[in-house]
Amino acid sequence: MGGLQMPPHTLPSIHGGRALVSFIPSPISFLRPNFAVQPNCFSALPNGYNTRTMSPFYPNIFHTGRSISQGGRGMQFSARSIRVQPVTEELMEDKTQANPVSGDSIRRRFLDFYASRGHKVLPSSSLVPDDPTVLLTIAGMLQFKPVFLGKAPKQVARATTAQRCIRTNDVENVGRTARHHTFFEMLGNFSFGDYFKKEAIKWAWELSTKEFGLQADRLWVSIYEDDDEAFDIWHNEVGVPIERIKRMGEEDNFWTSGITGPCGPCSELYYDFHPERGYSDVDLGDDTRFIEFYNLVFMQYNKRDDGSLEPLKQKNIDTGLGLERMARILQKVPNNYETDLIYPIIEKASELANVSYALADDQTKRNLKIIGDHLRAIVYLISDGVLPSNIGRGYVVRRLIRRAVRSGRLLGIKGDGKSNLEGAFLPAIAEKVIEMSTYIDSDVKTRASHILEELQREELRFVQTLERGEKLLDQMLADALSSGHKNGIVPYLSGKDVFLLYDTYGFPVEITAEVAEEHGVKIDTDGFDIEMEKQRRQSQAAHNVVKLAVENGDFSENVSDTEFLGYDMLSARAVIESLLVNGKPVIQVAEGSEVEVLLDKTPFYAESGGQIGDHGFLYVTEGESKPVAVVEINDVQKSLGNVFVHKGIIKEGVLEVGREVEAAVDPKLRQQAKVHHTATHLLQSALKKVIGHETSQAGSLVAFDRLRFDFNFHRPLLDTELEEIERLINGWIGDATILQTKVMPLNDAKKAGAIAMFGEKYGEQVRVVEVPGVSMELCGGTHVSNTAEIRAFKIISEQGIASGIRRLEAVAGEAFIEYINVRDAQVKRLCSTLKVKAEEVASRVENLLEELRIARNEVSALRAKAAVYKASIIASKAFVVGTSKTIRVIVECMDDVDADSLKSAAEYLIDVLQDPAAVVLGSSPDKGKVSLVAAFTPGVVDMGVQAGKFIGPIAKLCGGGGGGRPNFAQAGGRKPENLPSALEKAKADLTSILTAKAS
């Protein structure tokens, strides 16, 4: 598929694995806003409502206060008005008080419920997460993931949040089902080693049945099949009947954080829309009857490498309640879109389209729902700093905007609803989203002008080419249908046609696919992927791409692809097609300038597939004379798909567009890149053999001086594994195997077993690099012709860089020789210094360390004896304080005695002085260092004087601190010059305190 491949969220089972189920309503009695009414469809009611026949369960969403009473087989309703009013902060405040089932009220009541039970109410985190493994915030627990995984300390014991979330992996289902959204709010309560299963279950039940008033006999519970503890709590303590508790397997009701790490069983709450169907053959996945609205994850185990489970010392709770789902249940509407969280947005779109949602057909309703859903996601994403672009998060916004624009055009929306038929309509609808944002994200209103300006700019930019593209697409579809009917085949659009719509007319491939599907036409996604290869390469090297743009238009229109000659030659004649300075095209560049050169052909390899770009020179010569211009090339990047941009500095002369140059690659550096690239292929094969074929590449770097290889694995590699990897690779190198390079159809390469390099996309014809019997990969990089050229391979480091991602760095070829030479020189120096052979260095160092340890102990003992000797001398300096009870006190400086010896001296003095006695000693063992110690006998401590509390303020005078037990404490500082005055204060304070205590 084209554009950004929308990634599935990286925590696929954050709340139990099962996707929250949808509900398809059966015919009900249903209230609707009083739109224009067609004859014979509705009967007018005096209270301003219209009604139509559906099933006996749902009233419509209520935007203002109303009363509900149930009697017989149906329901009776009364209300003032159902017309949605513009939402201001004041009105929203009134609404949450008057209407206890409004979305804002549900959110507030949830947070208040858990706040009253000791939970800290924390704000929603941004839609742009700190977690590098996740594109967007996809769940309420994401901001606490580091705490749950033990990578960050907990700040609170229990918390509750209303988290804004974005999920786009099911974007095609938006508007089709009752519950799929791109933007939603997840209400959650979390415990970090505080309460656990019993409290979580009881509170979830209390919240559902008492706070929100759900009928207990409509609630069903799922638990993990082996979780008898949860079953006992639900049945025996909460009182849920056995027949409404369903045990489910690991796929549905067991949460894991990854291959290893925290995990635990889940329990889910479901609302039953049709209890009259009874208890036989019940399937909680039946979304015509049930909706899951609350999920409780009991994080109680640690999953070890061998798959076994061990109890966690800190058990955690992670829950999620879908706000839109609870609103649907409480507001008694057939789908999430018709709650007051989304319906006002749909109503605004209906107004601009001049259609009645109540009377609309399914396709019209779907388009209105898409606008209602997407505008919420778009507004909050832009508010959080995500701007439309062609990569990453920006593409999510761009894709949603374009889907919303197309849906509006299908509805017939023209202009902004303010008599400007050429204006953008999305800002007018976004204003409604912004009005409703007060209790979701208060910052949205302050960013309103920025949001609306960005929306208008993006919509108008898209509309400029949309109409021409729509006409072309209509013609393509007609041709495809005609051809399919004529030839008796399934009609389809070719990959080239789909790419033309994307590249020239701005049609996201997803929109083309949707339109084609509506007409019964398939699209050639593989063909499209082939055409997209150039753009994908541009995205992958976005930080290196040269901006080819000028003030008067798109410079790229005049730039053709560069012919790459570097597989077969390292130098070639080429013509300068363009020159750029600071991203702007110029005709001529003088000596000393940094320049970017575009050639018609080149032997230089441009960075891609993990391999860095070549270095070398460009020479401009006249005849056989000395070069008149020399450019040193230090990097080559790809732009606009396959345009090679040579970056360098003009060392001599002047460079001009149209001149012929001799392009020469540095052969030594190219050889090192080739060596490391082939070694990377061998490394991947060795890893799969040693640690398992399930491991896969997660990134790579092929440089001149080393290679780097990232791969998926859940633990550090053992020394024996690293040794085996090296043994395998060096064995393959020694086999002197000739590499085979072929160009073949992509499908043939896949059938042959070729694997793809990380992050790369491939065309219809692919280049396959094979080390026979060892490795076969799709790769456009440069490689050695024989494995013997690699010479040798050595791993220099192995480390973890992210959860489940390991990194190996290694050297080969000339870099290996340099690495070994450096270390050999170091070993020779050690041998010379230690006067031993190389094989004896380790044992000699161990012996020296043991000798050093013994010597240090002896020195320490001698220092302690010396300190004790000094202490015996100053023992005579003890003075007496107190009257009724005399206390001996010593406060002295012991010069440069170290901290351990100072401690020994204090202990000696306390032993020789009779109880009660107090000793405070200080020293300056090194420059800029102070040591202090206080030792009090039991008699002094019994008076309420504690060494730990006494020594702290004294140490502060020396620029430090410390403490300890009541009878003994140590401290330090950084200002030896203050030691004399600090000891004087210690002497005065100790005298004063003890005199008062002993009198």
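The values are calculated or read from the model by the stated rules, or taken from the named source; none is laboratory data. Quick caveat: nothing in here was measured; it's all calculated off a predicted structure. For neighbour counting, all protein chains shown are included, and Cβ atoms are generated from backbone atoms with ideal geometry for every residue, glycine included. Ligands, DNA and RNA are excluded from the accessible area calculation, which covers all protein heavy atoms including side chains. Shrake-Rupley method; radii C 1.70, N 1.55, O 1.52, S 1.80 Å.
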Check: Quick one: accessible area per residue over segment 599-653, 1.4 Å probe, rounded to a whole number of Å²?
Finding: 34 Å²
Next item on the list: Return P(r) of segment 927-999 (all Cα-Cα pairs; 10 Å bins starting at 0; whole %; ordered from short to long distances).
Entry: 23, 51, 23, 4, 0
Notebook entry, point to check: Can you give the percent of C-alpha pairs in segment 874-999 whose distance is more than 18 Å?
Noted result: 45 percent
Margin query: For a test of the definition: using alpha carbon positions, the gyration tensor, and the 1.5 limit on a/c, classify segment 389-465 as rounded, prolate or oblate.
Written below: oblate
Checklist line | For segment 849-914: Kirkwood Rh in Å [reciprocal of mean 1/r, alpha carbons] | finding: 13.2 Å
Margin query: Using the Cα centre of segment 274-347 as the reference point, and only Cβ charges (+1 on K/R, -1 on D/E), how large is the resulting charge dipole? Debye, rounded to the nearest 20.
Written below: 340 debye
Notebook entry, point to check: With charges set only on the Cβ (+1 for Lys and Arg, -1 for Asp and Glu), what does the dipole of segment 428-534 come to about its Cα centre, in debye to the nearest 20?
Noted result: 220 debye
Notebook entry, point to check: So which lysines can residue 885 reach, going by Cα to Cα under 20 Å and dropping same-chain residues fewer than 8 places off?
Noted result: 877, 987, 997
Checklist line | Peptides ranked, highest mean first, by Cβ atoms within 10 Å: ranges 774-784, 329-339 | finding: 329-339, 774-784
Note to self: Which one, 986, 941, 971, projects farthest toward the positive side of the charge dipole computed for segment 929-999 from Cβ point charges (K/R +1, D/E -1)?
What the structure shows: 971
Notebook entry, point to check: Where nothing but the Cβ of Lys and Arg (+1) and of Asp and Glu (-1) is charged, how large is the charge dipole of segment 178-283 around its Cα centre, in debye to the nearest 20?
Noted result: 340 debye
Margin query: Over segment 779-881, what portion of Cα pair distances is larger than 24 Å, expressed as a whole percent?
Written below: 64 percent
Next item on the list: Please compute P(r) over all alpha-carbon pairs of segment 160-289, binned at 10 Å starting from zero, and give each bin as a whole-number percent.
Entry: 10, 33, 41, 15, 0
Notebook entry, point to check: At 20 °C and 1.002 mPa s, what whole-number value in µm²/s does Stokes-Einstein give for the translational diffusion of segment 266-406, with Rh from the Kirkwood sum over Cα pairs?
Noted result: 115 µm²/s
Notebook entry, point to check: Can you give me the pair-distance distribution of segment 418-531, C-alpha pairs, 10 Å bins, whole percents?
Noted result: 13, 32, 23, 20, 10, 2
Item checked: Subset of 365/486; 471/522; 145/522 violating a 29 Å alpha-carbon distance limit -> 365/486; 145/522
Checklist line | Rounded D (µm²/s) - segment 885-940, Kirkwood Rh over Cα pairs, Stokes-Einstein at 25 °C, 0.890 mPa s | finding: 214 µm²/s
Checklist line | For segment 263-406, accessible area per residue (1.4 Å probe, heavy atoms of protein chains only), Å² | finding: 27 Å²
Next item on the list: Return the Rg/Rh value of segment 583-646, two decimal places, where both radii are evaluated on C-alpha atoms and Rh is the Kirkwood radius.
Entry: 0.99
Check: How much length, in nm to one decimal, is gained on full extension between residue 654 and residue 588, taken as 0.36 nm per residue of separation minus their Cα-Cα distance?
Finding: 23.1 nm
Note to self: Using 0.36 nm times the number of residues separating residue 514 and residue 854, minus their current alpha carbon distance, what extension gain do you get?
What the structure shows: 114.5 nm
Next item on the list: Order the peptides 851-857, 727-733, 103-109, 178-184 from the highest to the lowest mean number of other Cβ atoms within 10 Å of their residues.
Entry: 178-184, 103-109, 727-733, 851-857
Checklist line | Calculated P(r) of segment 327-377 - Cα pairs past 18 Å, % | finding: 23 percent
Next item on the list: Could you order peptides 306-312, 193-199 by the average number of other Cβ atoms within 10 Å of their residues, highest first?
Entry: 193-199, 306-312
Note to self: Per residue, how big is the convex hull of segment 648-697 when only Cα atoms are used? Give it in Å³.
What the structure shows: 136 Å³
